[in-house]
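We did not get these values from a lab; they are worked out from the coordinates using the rules stated. Here the structure is a predicted model, which means the values were calculated and not measured. FYI the Cβ positions are ideal-geometry reconstructions off the backbone, even for glycines, and counts take in every protein chain you see.
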Amino acid sequence: MTTDLRDSVEIRPLQTLDAPVIAEAFAAIGWHKPAEQYVRYADEQEARSRDCWVALIGGRIAGYVTLKWDSNAPGLAGRGTPEIQDLNVLPQFRRRSIGSRLLDRAEEAARSRSSVVGIGVGLHPGYNAAQRLYVKRGYVPDGLGVTHNGRYVQEGEQVPFDDGLVLHFTKDL
């Protein structure tokens, strides 16, 4: 009898002790995500300004997501709208519904305080799968344009085609 991977995924709140483990797992694939980032997330979780969840398979970190309770993203800032941020699944665990399970958990939490949740996604090809996933889950562009490093890009302006170039979405919960 085989075990369905979806049944073996554990999703739990981020713990400070996870910080170096997550940083090391992402460093192994060439992504610079310092442990301090996750310590900050844990501190923000303790302060109740952010919630964070990790997905584990067999005790190994497979991915994580955070929910910022009062988004500072353009278009959402100051409105009390939560924003899903920093959804990441390690490549060896992708295409196994882990990202969807993490999103389910974040959306469930957001629904407890809001009728809308936001999410941003990069525009370069490294984000293609995320773009498709968000649309399939009912997220729609917020209609306010594209940002680069947190600032709206003006028509005709040239900006780098990098991780800072983001389209923001919202979803009614």
Listed by chain and number, the residues whose amide H is under 5 Å from that of ALA73, excluding neighbours fewer than 5 places away on the same chain and using placed H, are none
Any chance you could check the Cα centroid distance between region 1-80 and region 129-165 for me, in angstrom?
22
Once normalised by the length of region 28-173, the mean sequence separation of its alpha carbon contacts under 8 Å that are 6 or more apart gives a contact order in percent of 19
Quick one: what are the phi-derived ³J(HN,Hα) couplings along region 133-142, Karplus 6.51/-1.76/1.60 with θ = phi - 60°, whole Hz, x for glycine and proline?
4, 5, 5, 4, 8, x, 6, 10, x, 6
Could you give each residue of region 12-21 its phi-based ³J(HN,Hα) in whole Hz, using Karplus coefficients 6.51, -1.76, 1.60 with θ = phi - 60°, and x for Gly or Pro?
9, x, 4, 10, 3, 5, 6, 3, x, 5
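Given the DSSP H assignment, sum -39500 (n - 2.57) over each helix run of at least 4 residues in the chain and divide by its residue total; what's the result at 222 nm in deg cm²/dmol, nearest 500?
Calculated at 222 nm, the ellipticity per residue is -8500 deg cm²/dmol.
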Using amide H atoms built 1.01 Å from N in the peptide plane, name the residues 5+ places from VAL116, or on other chains, whose amide H lies under 5 Å from its own.
LEU173
Return one number: the angle in degrees, 0 to 90 and rounded to the nearest 10, between the long axis of the Cα atoms of helix 35-46 and the longest principal axis of the Cα atoms of the chain.
80
Given that compact globular proteins tend to follow 2.2 N^0.38 Å, what is the ratio of the alpha-carbon Rg of the chain to that value?
1.03
Using a cut-off of 13 Å between beta-carbons, work out the net charge of the residues near GLY80 (Lys and Arg +1, Asp and Glu -1, GLY80 not included).
+1
Just flag the trypsin sites (Lys or Arg not before Pro) in region 86-121 sitting in loop per DSSP whose Cβ has no more than 10 other Cβ atoms within 10 Å.
ARG95
Per 0.36 nm of contour for each residue apart, how much would the distance between SER114 and ASP163 grow if the chain were fully extended, relative to their Cα-Cα spacing?
14.9 nm
Using θ = phi - 60° and the Karplus relation 6.51 cos²θ - 1.76 cosθ + 1.60, list the HN-Hα couplings for region 145-152 in order, rounded to whole Hz, with x at every Gly or Pro.
x, 10, 10, 10, 6, x, 10, 4
Residue order, fewest to most beta carbons within 10 Å, for LYS68, LYS33, LYS136:
LYS136, LYS33, LYS68
So if R0 is 45 Å, what FRET efficiency would TRP31 and GLN154 give, r being the distance between their Cβ atoms, rounded to the nearest 0.05?
0.90
